[in-house]
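Accompanying notes for the structure given below.
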Amino acid sequence: MTDAPAHRPSRARNMFRRVLARAAGDTSGVAAIEFGIIVPILVLMVVATADIGMGFYRKMQVEGAAQAGAAWAIKNGFDANAISNAVTSATSAPAISVSPTPVQFCGCASGSSISTVTCGTTCLGGALAGAYTTVSAQMTYNTILPYGFFPSTYNFSLQSTVRLQ
C-alpha cells in the first residue's frame, strides 16, 4: 500500500510527457502562426521602403524644378515671374514653391564659388564680372507613417545658380 501513492505522481508525469510529446510533434497550424507573425513586419518594411523612395523622388523633383528655372533664365534672360512659372510648372509635385524669389546679381567666379561684386568690376583673371541668377525651389514632404525616431516632415529647399552672360 505504500507503493500506490508513489506510482500516481509518476503516472501523471508520464501522461504529461506524452501530451507534450504529442503536441511538440503536431505541426499543423505552425505555418499559419509564422505567417501571422512575419507578414506585419514585411508589410511595414515595404511601406517604409516606398516612403523613403517617395521622399527621395520628391527631393529630385524639387532639384529638377530649380534647374528648370535656371535653364529658362539661361535661354530667355532674367525675368523673376517667368522663372517662377518655369519652376512651378516643371514638375507635377504638389505644393512646390519658389522661395526666395529668383535674384540676379553680378559676380566673379573663382573655383567652385561666385563672389558677388558690382557690375562692371574686373575680376582677378581680367574678365568683367558676369551676370548670374539664383533660382530656389522648395517643398515639404510628410511621411506616410510616423516612425517615432525619425522626423515625419522633411523640408526640401534647393538652389541653382547659373551665369546668364
inquiry  = Please go through (1) closer than 30 Å to Ala50 by Cα; (2) out of contact with any helix residue (DSSP H, G or I) (no Cβ under 8 Å at 6 or more places or on another chain); (3) not hydrophobic (A, V, I, L, M, F, W, C) for Ser136 and return the number of the only condition it doesn't satisfy.
reply    = (2)
query = Of all residues in segment 143-158, which are outside any loop (DSSP other than H, G, I, E, B) and either aliphatic (A, V, I, L, M) or buried (at least 16 other Cβ atoms within 10 Å of the Cβ) (or both)?
reply = Phe156, Leu158
Thr133 loosely packed, with under 13 Cβ neighbours inside 10 Å and either among the aliphatic types (A, V, I, L, M) or more than 30 Å from Tyr147 (Cα to Cα) (or both) = no
task = Quick one: which residue in Gly125, Gly69, Gly120, Gly107 is surrounded by 18 or more Cβ atoms within 10 Å (Cβ to Cβ) and in contact with a Cys (Cβ under 9 Å, 6 or more places away or on another chain)?
result = Gly107
query = Which ones in segment 23-72 are more than 29 Å from Pro102 (Cα to Cα) and charged (D, E, K, R)?
reply = Asp26, Glu34, Asp51
query = So which strands (runs of 3 or more DSSP E) stay within segment 86-142 end to end and still have 3 or more residues that are modelled with pLDDT of 90 or more and closer than 24 Å to Gly64 by Cα?
reply = 103-110, 130-142
message = Looking at the structure I just gave you, is Lys59 among the basic types (Lys, Arg), in a helix (DSSP H, G or I) and surrounded by fewer than 14 Cβ atoms within 10 Å (Cβ to Cβ)?
response = no
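The values are calculated or read from the model by the stated rules, or taken from the named source; none is laboratory data. Please read these numbers as outputs of a predicted model, since none were measured by experiment. Positions of Cβ are backbone-derived with ideal geometry, glycine not excepted, and every protein chain shown enters the neighbour counts.
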